[in-house]
Amino acid sequence: MDLAQAFPQATPASVFPPSVSDYYQFDDLLTSEERSIRKKVRGIMEKEIAPIMAVYWEKAEFPFNAIPKLASLGVAGGTIKCYGCPGLSITASAVTMAEIARVDASCSTFILVHSSLAMVTIALCGSEAQKQKYLPSLAELTTVGCWALTEPNYGSDASSLRTTATKVSGGWHIDGQKRWIGNSTFADVLVVLARNADTKQLNGFIVRKGAPGLKATKIENKIGLRMVQNGDIVFNKVFVPEEDRLPGVNSFQDISKVLAISRIMVAWQPIGISMGVFDMCHRYLKERKQFGVPLAAFQLNQEKLVRMLGNIQSMLLLGWRLCNLYESGKMTPGHASLGKAWNSRTAREVVSLGRELLGGNGILADFLVAKAFCDLEPIHSYEGTYDINSLVTGREITGIASFKPAALAKARL
């Protein structure tokens, strides 16, 4: 007997539920172009990615056969104009990031790293020759990019990184280690941030796959974003020709414009995850019966569903306003940090409520919620933890930086 018939539960996430979370009609705030690409991305993700995601998530493998499907979304390169990139508005890029995350957070992180970090750094900080050389194939996803900033001993304190770039004849030698670098085990193009051995300032470099002295090893045993291939990277005198040094990266401040875009995108990932969890719970509660009635008929369940819905509306409106501020040139680092911190924190409540609503099935990846519950945890940490982002906003509204312990700060005076 078929297992689905022997153990009837509810429809699994491989048949993705319809979108029912736009209670305040957020679509009305979008342009026709933004609504169109949102619809396109939603359709492809539901049809092509939803049926396979749980299998690859369980195996902690990336679905390389799905890269052409992800390429067909037409979002790689996001806001970048020309070079084969879509030239989307920041709102369209953010909304599509949410739509990808709604079905699978790992795929959204793959696109985030590839597009909003690697590609945007080349677009904003690269030479014209570098843009023409690298961006077209990255936009087509015939090549894949990664972005290497974080190090084993420098996560939140990333500006203190120790990987070095030493000038040699014809180029540079990169030495050091990077950690948690998404896509790094298979990326064709690695955008690497390193400290100039002479100036002690931050510089950026494009390192190509297979360069002598470059080794990337997969980080095993993750509980979240299991499809994302995060790696430990070792650079041992990796030679980078002068033509592959990014001329626009000469200090940590130079990558702040990259992080401004990527942090907006990360603020939209929890929105998408929450929408997917709500959609799944909404369908599940109407299908699954206990005590002779659908679970949706119980008051406690309705209250939890409504609380989830309210959180999603607030997250959507915050994310939308963040995009508005960016497009008008008014967005500050504090704005972006509050958006990322608030949405990742709020999404935690959404997925926790979803976990409760699904009971025993809430720990099965087949019903999305358990997978989303785990996938949200690394997102809560990367691109600035909740605490670090709160301190960025706190510094902005008080004028006082509080990143270092007071005792340490006094000791250095």
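The values are calculated or read from the model by the stated rules, or taken from the named source; none is laboratory data. Given the structure is predicted, the values throughout are model-derived calculations rather than measurements. When we count neighbours, we look across all protein chains shown, and the Cβ atoms used for this are built from the backbone with ideal geometry, even at glycine. Heavy atoms of the whole protein, side chains included, go into the accessibility calculation; ligands, DNA and RNA do not. Shrake-Rupley method; radii C 1.70, N 1.55, O 1.52, S 1.80 Å.
For a quick check of understanding: with a 1.4 angstrom probe and all protein chains in place, what accessible area in square angstrom does residue 326 have, to the nearest ten?
For residue 326, the solvent-accessible surface is approximately 80 Å².
Taking all protein chains in place and a 1.4 Å probe, what share, in percent, of the accessible surface of the chain do carbon and sulfur account for? Walk me through the intermediate numbers first.
Values: 10100 of 18040 Å².
Carbon and sulfur: 56 percent of the exposed surface of the chain.
Give me the net charge of residue 325's neighbourhood, meaning all other residues with Cβ under 14 Å from the Cβ of residue 325; Lys, Arg count +1, Asp, Glu -1. Could you put the intermediate results ahead of the total?
Values: positive: 263, 321, 330, 340; negative: 327, 396.
With Lys, Arg at +1 and Asp, Glu at -1, the neighbours total +2.
Note the angle between two axes, namely the Cα long axis of helix 32-44 and the longest principal axis of the Cα atoms of the chain, as a number of degrees from 0 to 90, rounded to the nearest 10.
Tilt of helix 32-44: around 80 degrees.
Size of the dipole of region 255-398 about the Cα centre, Lys and Arg at +1 and Asp and Glu at -1 on the beta carbon, nothing else charged, in debye to 20? Please list the in-between numbers first.
On the way: 16 positive and 12 negative charges, 36 e Å.
With only Lys, Arg, Asp and Glu charged at Cβ, the dipole is about 180 debye.
In region 12-113, what trypsin sites (Lys or Arg not before Pro) fall in a loop by DSSP, with at most 13 other Cβ atoms inside 10 Å?
Working: sites: 35, 38, 39, 40, 42, 47, 59, 69, 81, 102; in loops: 81.
Answer by residue number: 81.
In debye to the nearest 20, how big a dipole does the chain give about its Cα centre with +1 on each Lys and Arg Cβ and -1 on each Asp and Glu Cβ? List each step's numbers first, then the result.
Numbers: 45 positive and 37 negative charges, 134 e Å.
That gives the chain a dipole magnitude of about 640 debye.
When ligands, DNA and RNA are left out and all protein chains stay put, how many square angstrom of accessible area per residue does region 65-181 have with a 1.4 Å probe?
Numbers: 3720 Å² over 117 residues.
Spelled out: the 1.4 Å probe surface of region 65-181, per residue, equals 32 Å².
Report, in degrees rounded to the nearest 10, the 0 to 90 angle that the Cα long axis of helix 386-398 makes with the longest principal axis of the chain.
The angle comes out at about 70 degrees.
Taking Cα centroids, how far is region 118-146 from region 333-377 in Å?
32 Å
Any chance you could tell me what percent of the C-alpha pair distances in the chain go past 35 Å?
Values: 23546 of 85078 pairs.
That tail contains 28 percent of the Cα-Cα pairs.
Determine the principal axes of the Cα atoms in region 255-398, then give the extent along each, sorted from largest to smallest and rounded to whole angstroms.
56, 25, 23
List every residue whose amide H lies under 5 Å from the amide H of residue 246, counting only residues 5 or more places away in sequence or on a different chain, with H placed 1.01 Å from N in the peptide plane.
Answer set, sorted by chain and number: 204, 205, 206.
Order 134, 154 by their accessible area, 1.4 angstrom probe, all chains in place, largest first. Walk me through the numbers before you get to the answer.
Working: 134 15, 154 40 Å².
Largest accessible area first, the residues go 154, 134.
Quick one: compute a quarter of the convex hull surface over the Cα atoms of region 3-140 and quote it in nm². Walk me through the intermediate numbers first.
On the way: hull surface 39.1 nm².
Convex hull of Cα atoms, orientation-averaged projection: 9.8 nm².
Need one value: the accessible area of residue 75 in square angstrom, 1.4 angstrom probe, rounded to the nearest 10.
About 10 Å², rounded to the nearest 10.
Using only Cα atoms and rounding to the nearest 10 degrees, what angle (0 to 90) does helix 299-327 make with the longest principal axis of the chain?
30 degrees
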